[in-house]
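Following: one structure in structure tokens, then a few remarks.
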Amino acid sequence: MLISAGKVWKGLIALLAGAVFPLGFAPFGWTLLPVVALAALAMLVFPARSRDAFLYGWLFGIGQFGVGVSWVYVSIYLYGNAGLLLSIAVMLLFVMFLGLYPAIMAWAIARARIVSGSRYFIAAFPAVWVLSEWVRSWLFTGFPWLNLGYSQIDSPLSGFAPVVGVYGVGWLTALSAGLLGWLVSGGKGARFAVPAGLLLLWAGGFALSHYQWTEPAGDRLVATLVQGNIPQELKWKPEQQRATLERYVDLSREHFDSDIIVWPETAIPAFYDEVEADLINPLREELGQRNVSLVTGVPVLDRSHWNYYNSVISLDQPGRFYYKVHLVPFGEYLPLRDWLAGVLGFLPVPQADFSAGELQQPLLEAAGYPIGTSICYEIAFGEQLINALPDAALLVNVSNDAWFGDSLAPHQHLEMARMRARETERYLLRATNTGISAIIDAEGALVTRSRQFETQTISGEVQPRMGATPYVRWGNWPVLIVCLFMLLLAGRPIVQV
């Protein structure tokens, strides 16, 4: 079957639009590019038949994730001990799978034959795009990487984040793309409606960015983040353990005038009970004499049931732990182990699984304040993080981005953390093994950050806060309801033959 030259060109445009989409995210930060890219996709899908729309959406997704998350290759090849060809093949399969989300979105919206351009561009397309991102955030344990709203953390639209969260910001960004697409496609009335609509959206975000939903609670504190920069290939070697612990302790002693010190995820490369007597207890006593709090990642083994957990402790509270809730599939556990262990025997999957903690856990405390704790990947799930609020006065995220190497991922990961601070209006302390460690203020701005792949400590003042933003109170439900309402507003779908 011959493919027309027009479809080939449209496919190339979709692929290119998808490829430039990630340039709106960190470390590039060209915030308008995702708007332009989505406008191009919207215009490609509007006149297309459903099967062509699926292809355009898939090519867009391959470009989007092929550029934006190709870093998974680093984890598989460098740290998963997989061969070069296998690592490339797994990465390509992963990208093609993720591309199915915009593909199915495009197919569905083309299948519902919306004849009105204004209803398509303003009501249907933005709503379906955001709903597809929301589904991607939880289906198959979820992968909310490169969700559209993150690209606007430094744009006026971020002013909406405390109200409607990252999906609300994403919907407003997709709505901006829809308005642009309607204008370029020559929609009737668009010449007057589009500038007014864009001005209303972006000026509204700018105005909201100057409003605070929360307030300070107590005095400012001095926080220090310790970045040990332990190479991943050495981190778990038994002969390296003593040198690792000495590095963290020595770096911390230089900052015993701080109120809070934070070490990264699994900074202590041994089970808690193995180091409690020789490291934890003496360090707790020394810090207590100086009125300094220490928060650190450490694995915990429950020897009564032989479950082990990726955990965080505060030395202020002996015996209390935060257990990681949202585990990383294929990294911390193997999904459907009974079925997949034999099939995926050629991959470097874990031989034993971490156990997940309960969603509702007592909050850890540091410097006299309750803290909302998350570990690594969990920072990508705002709906989980708000369970600690409004009680938490500060947020702490510990991570080990060494798995990502020198790629886009650590920058994108930090951008997600910034959005969590913006949504909740809480200062966030983010300590990582190899970078990027950062102190983030309640508006999502960087107070200070570390350099990557350097042994380093960074310090800065943080302000505990109290109160709740609308997003903390309501979560994602308002945005989901608005999106469903916009689909109804788009009109009764007519099935395309």
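Points worth noting:
- By the count of neighbouring beta-carbon atoms within 10 Å, fewest first, VAL482, VAL166 end up ordered VAL482, VAL166.
- Among 225-233, 18-26, the peptide with the highest mean count of other Cβ atoms within 10 Å heads the list, and the full ranking is 18-26, 225-233.
- A DSSP coil position with no more than 11 other Cβ atoms inside 10 Å describes the following trypsin sites (Lys or Arg not before Pro) in the stretch 287-329: ARG290, ARG303.
- Take every Cα pair under 8 Å whose residues are at least 6 apart in sequence, average their separation, divide by the length of the stretch 108-263, and the relative contact order is 20 percent.
- Cα-based radius of gyration for the stretch 122-222, normalised by 2.2 N^0.38 Å, reads 1.28.
- Here the dipole of the stretch 215-468 is about 280 debye; that uses its Cα centre as origin and unit charges on the Cβ of Lys and Arg (positive) and Asp and Glu (negative).
- Sequence-distant contacts, meaning Cα pairs under 8 Å at least 6 residues apart, place the relative contact order of the stretch 215-468 at 24 percent.
- ³J(HN,Hα) computed for each position of the stretch 357-365 - Karplus, 6.51 cos²θ - 1.76 cosθ + 1.60, integer Hz, glycine/proline x: x, 6, 4, 9, 10, x, 6, 6, 10
- Net charge, PHE256 excluded, C-beta distance under 9 Å - Lys, Arg +1, Asp, Glu -1: -1
- Set of lysines near LYS324 by C-alpha distance (under 21 Å), chain-local residues within fewer than 8 positions excluded: LYS235
- Label corresponding to volume of the Cα convex hull per residue in Å³ when calculated from the structure given, among [x] 257; [y] 150; [z] 172: [y]
- Sequence-distant aspartates and glutamates (8 or more away, or on other chains) whose Cα lies within less than 20 Å of LYS188: none
- If only the Cβ of Lys and Arg carry +1 and only the Cβ of Asp and Glu carry -1, the dipole of the stretch 419-491 around its Cα centre is close to 100 debye.
- Scanning residues 5 or more positions from ASP302 or on other chains, those with amide H under 5 Å from its amide H are ASN307, TYR308, TYR309, with H placed 1.01 Å from N in the peptide plane.
- Square roots of 5 times each gyration tensor eigenvalue, C-alpha, the stretch 164-314, largest first, Å: 50, 21, 14
- Ratio of the Cα radius of gyration of the stretch 1-63 to 2.2 N^0.38 Å, where N counts its residues: 1.15
- Oblate is the label for the stretch 86-177, because a/c, from the alpha-carbon gyration tensor with a ≥ b ≥ c as root eigenvalues, is 1.5 or above and a/b does not exceed b/c.
- Ranked by the mean number of other Cβ atoms within 10 Å per residue, highest first, peptides 359-365, 374-380, 416-422 order as 416-422, 374-380, 359-365.
- Isotropically averaged projected area of the stretch 215-468, using the convex hull of Cα atoms (one quarter of hull area), nm²: 13.5
- Counting every C-alpha pair in the stretch 174-233, the share spaced more than 13 angstrom apart comes to 75%.
- Extreme residue, positive dipole direction of the stretch 215-468, given options ALA393, MET416, ASN307 (C-beta unit charges): MET416
Taken together, the values in this text are just the output of simple stated rules run on the coordinates, not laboratory data. Because the structure is a prediction, the values reported are computed rather than measured. A quick note on method: Cβ atoms are made from the backbone with ideal geometry, for glycine too, and the neighbour counts reach across all protein chains shown.
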